[in-house]
Amino acid sequence: MPDLPLSQTCLLPSGRKLAWREWGAGRPLIMLHGWSMSSVVFSEMAQSLTGDFHVFCPDLPGHGQSDQLPDCSLVGIAEAVEQWAVHLGIR
């Protein structure tokens, strides 16, 4: 298994914590994991993309090191990911 970067966290406007890992530099690429997984699932693939991309892999709300949200709907999760991306300045 490749080296795994430390997880970073930020607080969303809701006061909940969202965690992520990132690799590389270049154009931003956000990779979203499936249900019952975390950012760790992308460790090998993310490392292989670092020559071309700055890869961001968040732990979706309620997964990995991210807090659960009051609204766990698809819309609630999408809003949390958008708030996180804005916080990081990812366009």
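Key figures
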{"item": "Hey, Gly51 over 13 Å from the mean Cα position of the chain (by Cα) and in contact (Cβ under 8 Å) with a residue 24 or more places away in the chain or not", "result": "yes"}
{"item": "Pair list, Cβ under 8 Å, 6 or more apart: region 17-28 residue touching a residue at least 60 places away in the same chain (Cβ under 8 Å), other residue open to solvent by less than 20 Å² (accessible area, probe 1.4 Å) and in a loop (DSSP other than H, G, I, E, B)", "result": "Leu18/Leu12; Leu18/Asp59; Leu18/Pro61; Leu18/Ser66; Trp20/Asp59"}
{"item": "Meets criteria (closer than 22 Å to Leu6 by Cβ, of a type outside the set (A, V, I, L, M) and part of a strand (DSSP E or B)) for His87", "result": "no"}
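The values are calculated or read from the model by the stated rules, or taken from the named source; none is laboratory data. These numbers were taken from a predicted model, which means no experiment stands behind them. Positions of Cβ are generated from backbone atoms using ideal geometry, with glycine treated the same way; all protein chains shown enter the neighbour counts. The area values use the complete protein model at the heavy-atom level, side chains included, leaving out ligands, DNA and RNA. Shrake-Rupley method; radii C 1.70, N 1.55, O 1.52, S 1.80 Å.
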